[in-house]
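The values are calculated or read from the model by the stated rules, or taken from the named source; none is laboratory data. Just so you know, these numbers come straight off a predicted model, no measurement behind them. Here the Cβ is made from the backbone with ideal geometry for all residues, glycine too, and neighbour counts use every protein chain on show.
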Amino acid sequence: MAFSLYVHIPWCRAKCPYCDFNSHAAAAWPEDEYVAALIAEMRARSANPAFFGQQIATIFFGGGTPSLFAPRSIAAILDAAADRFGLIADAEITLEANPGTVDLPKLFGYRTAGVNRISFGAQSFNPDTLRFLGRIHGPEETRDAVRAARRAGFARLNLDLIFAVPGQSRADVMADLDAACALEPEHISAYNLTFEEGTAFFTEMRRGRIRPLPSDDQAAMYASVREELPRRGYAMYEISNYARVNEESRHNLTYWRAESYLGIGAGAHSFARDSASPGGRRWWNERMPARYIAAVQKTGLAESGGETIDARVAAGEFVFLNLRLRKGFARREFDERFGQPLDDLFGQQIERLTGDGLLEEHHGRIRLTERGLEMADSVFAEFI
Ligand code: SF4
């Protein structure tokens, strides 16, 4: 068995008004101290029975803006991961980058450090949309960043897009898909903009200053994205993710398949399946970077909460996470993992949702229908 490692870098140049990630706007950050804390936490976690003696299959630097960190910092973290756990031969190592924070030497440095996949937060290629979203880059910087990444030797690229932005039309969304596909990334993530509590957009919405697009328009945009990207060679393999053949994000598949992952850094979450508890255990770290660093300096860990997961809860999570995947999951996988037939726990829900046209079953695999994709959250709620 191999596991996935998530590394959280919590700083950004500016806070985007829609963002509810654990990210903090900063002009400077304690990079060396933070890297030392990440390495110390990794060392302490390597004794955890769920990860001990296992190699790493994927690493994902997420944030925040990992591309604020110098290549030597990323190299130090990767060296420590290889030293502590070891990496499988073809480990996928992804780094999220903001197009406004990279140039050729930096990208070359990441590639030399061992990163082999870059995920750019493009979001849109329309300057007005980018301004509305509070992004620090324009469309040309995204194009330049993609070209530089190719020159630096990256064969695997992802572009993140956001649609259903207030003021956007379906034609605008199609223009963004055109612009993204013209750059020939291997992978595209296209997210429907949401207004999460605690974000600046949420406050603006509450005050009536911005209004989300009508839900029918949002659904129509999502349907267009689902139709258009596969036509251009990007198969939809998850609710918001599209990839060329064999270019799926292996790291994110770990989450959707409810497999173990170790998260290190401020606010990072972890999940470990282990023999001690049938449902596994999850825990999370101190969110504030200064508190995270202080805690690790003191004890080697920065856990601020955790829970043992009841087997019934874990079974529900397995179902709704796997339903995010376009191919869903096989009844057999569920039975093997939880030691009892799916219908014993969720027979009624599955029958009702299938009757409502939201789930479908072929050859023992259960997945969302086209209509189910548009109402995914209410389907998932049935398994919580
Ligand atoms: S750059 Fe990304 S992580 Fe940072 S504030 Fe914007 S959306 Fe959030």
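Selection of strands (runs of 3 or more DSSP E) fully inside the range 298-384 by the criterion of at least 2 residues being hydroxyl-bearing (Ser, Thr, Tyr) and closer than 30 Å to residue 34 by Cβ returns 303-308.
How many residues does the range 249-272 contain that are closer than 25 Å to residue 374 by Cα, buried (at least 19 other Cβ atoms within 10 Å of the Cβ) and out of contact with any Asp or Glu (no Cβ under 8 Å at 6 or more places or on another chain)?
Final tally of qualifying residues: 1.
Scanning the range 185-194 turns up no residue that is over 23 Å from the mean Cα position of the chain (by Cα), within 14 Å of the ligand (Cβ to nearest atom) and in the same structural domain as residue 18 (by TED's automatic domain parsing).
For (1) surrounded by 19 or more Cβ atoms within 10 Å (Cβ to Cβ); (2) within 16 Å of the ligand (Cβ to nearest atom); (3) more than 16 Å from residue 9 (Cβ to Cβ), each residue gets a yes or a no:
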| residue | (1), (2), (3) |
| --- | --- |
| 62 | yes, yes, no |
| 67 | yes, yes, no |
| 71 | yes, no, no |
| 92 | yes, no, yes |
| 96 | yes, yes, no |
| 120 | yes, yes, no |
| 126 | yes, no, yes |
| 146 | yes, no, yes |
| 149 | yes, no, yes |
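Quick check: anything in the range 27-45 touching a strand residue (DSSP E or B) at 6+ places or on another chain (Cβ under 6 Å), away from the ligand (no atom under 16 Å from the Cβ) and of a type in the set (Val, Ile, Thr)? The answer is no, given that none of the residues of the range 27-45 is touching a strand residue (DSSP E or B) at 6+ places or on another chain (Cβ under 6 Å), away from the ligand (no atom under 16 Å from the Cβ) and of a type in the set (Val, Ile, Thr). Among residues of the range 21-33 that are in contact (Cβ under 8 Å) with a residue 40 or more places away in the chain, those with a Cβ under 7 angstrom from a residue that is within 13 Å of the ligand (Cβ to nearest atom) and assigned to a loop (DSSP other than H, G, I, E, B), sequence gap 6+ or separate chain, pair up as 21/64; 22/10; 22/266; 22/267; 23/10; 23/15; 23/64; 24/10. All conditions but one from (1) within 16 Å of the ligand (Cβ to nearest atom); (2) out of contact with any Ser or Thr (no Cβ under 7 Å at 6 or more places or on another chain) apply to residue 12; the one that does not is (2). Every listed requirement among (1) on the phi < 0 side of the Ramachandran plot; (2) surrounded by 20 or more Cβ atoms within 10 Å (Cβ to Cβ); (3) among the aliphatic types (A, V, I, L, M) is met by residue 136 save one, (2).
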